[in-house]
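Participant: Here it is, the structure, as structure tokens.
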Amino acid sequence: MKPRLLSNGRLPPGLLARLAAAYALTTLGEQADPAAHLAEHGAAYEGLVTSAAVGADAALLARLPRLKVISSFGVGLDKIDLAAARARGIAVGYTPDVLNDCVADTAWGLLIDVARGFSAADRYVRRGLWPQGPFPLGRQVSGARLGIVGMGRIGRSIAQRSTGFEMQVRYHTRTPVAKLPWAHEPSLIELARWADFLVLITAGGAGTRHLVDAAVLDALGPAGYLINVSRGSVVDEAALVAALCERRIAGAGLDVFEHEPHVPAALMALDNVVLLPHVASATQQTRQAMSDLVYDNLQAFFAEGRLVSAAV
Ligand code: NAP
Ligand code: 8YV
């Protein structure tokens, strides 16, 4: 008998095909009435496949009383009720490390784009405005001060990429990381005051909600840029919109938002803002590696009772 697996949320078709071959797979979103399906069949499932975007909240876990393992597509754990999983002894697998490079590349792409105004300059050319005069000057990236909030797996990949730009780097975390060449700044406000570019790559969730508020944005100041590739919840989005509209910061590069897929309308009108639809890990290579790890976690769990990469 193949173990029964429930998939929830949007997952790559290639991953779903592999899972369907190895397990008795049911896709929750394909059920006519998902709530009724869970009420009737929830006790049949031993495994849940989900994504960082959708997660597994307390209500869903309560409807899966015999669940043994969750395998999540993504590294962020903010939408998985880890405490509930831990209390019930449910193993949680996720996909750390394999996406470090692409997420770090995206942070740099956003940083350079917003500093130099490349997306805005592209719109300028397409609108036929070039013959009317030159595009406004941008901000030099090389040699600038880079502040990084979060210095985990991805934070380090972002910092390492700064060497070619000869930037000074400082970072803020709750706990300094040993043996790093970059200075730890215990105060986020001080880091924002010092930095030309403030890049956010902390974990999401309750512990970091609105870590970047109006005071941090004012410390970053009218010459400073904010880059967010962590979670929308890390920034007080209303305060960010106000700071951008009032030019109290110079610009922002954003891959993540508080209420995805909804982006504040006020941001659409601003040329000093680069907006991405949460694509930091979205390359064929990285998404394949993430899919492989989701699959390998389940295979290792059902064959040997262990996970390749365990969050719990
Ligand atoms: P990680 O290795 O666990 O690093 C998380 C970092 O956040 C640590 O340095 C941690 O340091 C710091 N942190 C946690 N709480 C903090 C707080 N209150 N104040 C300051 N720093 C805090 O995670 P990772 O693999 O680098 O991934 C980081 C996050 O990136 C993920 O959780 C996910 O939300 C996001 N992400 C986004 C995308 C995207 O598509 N945009 C893709 C992948 C990941 P301390 O514990 O010492 O504070
Ligand atoms: C995922 C992410 O693309 O890994 C994460 O935490 O945010 C992204 O890599 C996305 O969440 C997939 O659901």
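The values are calculated or read from the model by the stated rules, or taken from the named source; none is laboratory data. These figures come from a predicted structure and were not determined experimentally. Cβ placement follows ideal geometry from the backbone for every residue including glycine, while neighbour counts extend to all protein chains displayed. Calculation scope for accessible area: heavy atoms of the full protein, side chains included, ligands and nucleic acids excluded. Shrake-Rupley method; radii C 1.70, N 1.55, O 1.52, S 1.80 Å.
Participant: Long-range amide H contacts for ASP78: which residues qualify at under 5 Å (H placed 1.01 Å from N, peptide plane, sequence gap of 5 or more or a different chain)?
Facilitator: GLY204
Participant: So what is the accessible area of the chain per residue, in Å², with the probe set to 1.4 Å?
Facilitator: 47 Å²
Participant: To continue, here is another question. Just by accessible area at a 1.4 angstrom probe, what is the order of ASP292, ASP218 from largest to smallest?
Facilitator: Listed by decreasing accessible area, they come as ASP218, ASP292.
Participant: Moving to a separate point now. Calculate one ³J(HN,Hα) per residue across the range 163-177 by plugging θ = phi - 60° into the Karplus curve 6.51 cos²θ - 1.76 cosθ + 1.60, and present them in order as whole Hz with x for glycine and proline.
Facilitator: Coupling constants for the range 163-177: 4, x, 9, 6, 9, 7, 10, 10, 9, 10, 9, 6, 10, x, 9 Hz.
Participant: Enumerate the calculated ³J(HN,Hα) couplings along the range 299-308 in order (Karplus 6.51 cos²θ - 1.76 cosθ + 1.60, θ = phi - 60°), each rounded to whole Hz, writing x wherever the residue is Gly or Pro.
Facilitator: 4, 5, 5, 6, 8, 10, x, 9, 10, 6
Participant: Evaluated at 20 °C with a viscosity of 1.002 mPa s, what Stokes-Einstein diffusion coefficient in µm²/s does the chain have when Rh comes from the Kirkwood expression over alpha-carbon pairs?
Facilitator: 102 µm²/s
Participant: Largest first, please: the extent of the C-alpha atoms of the range 223-297 along each principal axis, to the nearest Å.
Facilitator: That gives 49, 20, 19 Å along the principal axes, largest extent first.
Participant: Going by accessible area, probe 1.4 Å, with all protein chains left in place, what is the ranking of ASP57, ASP236, largest first?
Facilitator: Ranking ASP57, ASP236 by accessible area, largest first, yields ASP57, ASP236.
Participant: Identify which of LEU129, LEU275, LEU67 has the largest mean-square fluctuation in a Gaussian network model of the chain, with springs joining Cα atoms closer than 10 Å.
Facilitator: Result for the chain, Cα springs under 10 Å: LEU129 fluctuates most.
Participant: Take the chain, connect every pair of alpha-carbon atoms lying under 10 Å apart with a spring to form a Gaussian network, then pick out the residue of HIS184, HIS210, HIS262 with the largest mean-square fluctuation.
Facilitator: HIS262
Participant: Which percent of the accessible heavy-atom area of the range 142-196 goes to carbon and sulfur, probe 1.4 angstrom? Don't skip to the end; give the middle numbers.
Facilitator: On the way: 1360 of 2860 Å².
Solvent-exposed carbon and sulfur of the range 142-196 make up 48 percent of the total.
Participant: Follow-up question, since we're still on this one. Considering only protein heavy atoms, what is the solvent-accessible area of LYS2 at a probe of 1.4 Å, reported in Å² to the nearest 10?
Facilitator: Surface accessible to solvent at LYS2 totals approximately 110 Å².
Participant: Same structure, new question: What share of Cα pairs, in percent, lie more than 20 angstrom apart in the range 86-227? If you can, show how the numbers build up before the last one.
Facilitator: Details: 5395 of 10011 pairs.
Roughly 54 percent, once rounded to a whole number.
Participant: OK, next. Considering amide H positions built from the backbone, and no H for Pro or chain starts, which residues 5 or more places from LEU25, or on another chain, come under 5 Å of its amide H?
Facilitator: Answer set, sorted by chain and number: LEU5.
Participant: Further question on the same structure: With springs only between Cα atoms under 10 Å, which of VAL273, VAL177, VAL103 fluctuates most in a Gaussian network model of the chain?
Facilitator: Of the options given, VAL177 has the highest mean-square fluctuation.
Participant: Identify all lysines with a Cα-Cα distance to LYS2 below 18 Å; exclude those on the same chain that are fewer than 8 residues away in sequence.
Facilitator: Of all the lysines, those that pass the test against LYS2 - Cα under 18 Å, at least 8 places apart if same chain - are LYS68.
Participant: Next question, about the same structure. Using θ = phi - 60° and the Karplus form 6.51 cos²θ - 1.76 cosθ + 1.60, what ³J(HN,Hα) does each residue of the range 17-32 get, whole Hz, x for Gly and Pro?
Facilitator: Computed from phi, the couplings for the range 17-32 are 5, 5, 5, 5, 6, 9, 10, 7, 9, 10, 9, 4, x, 8, 7, 4 Hz.
Participant: Compute the Cα gyration tensor for the range 166-215, then decide on rounded, prolate or oblate, letting a ≥ b ≥ c be the square roots of its eigenvalues: rounded whenever a/c is under 1.5, prolate when a/b is larger than b/c in the other cases, and oblate in all that remain.
Facilitator: oblate
Participant: ASP296 to GLU260: FRET efficiency via 1/(1 + (r/R0)^6), r the Cβ-Cβ distance, R0 22 Å, to the nearest 0.05?
Facilitator: 0.20
Participant: To continue, here is another question. Non-local amide H neighbours of GLY224 (under 5 Å, H modeled in plane, Pro and chain starts lacking H): which ones?
Facilitator: Amide H to amide H, under 5 Å and 5 or more residues apart or across chains, GLY224 pairs with ALA250.
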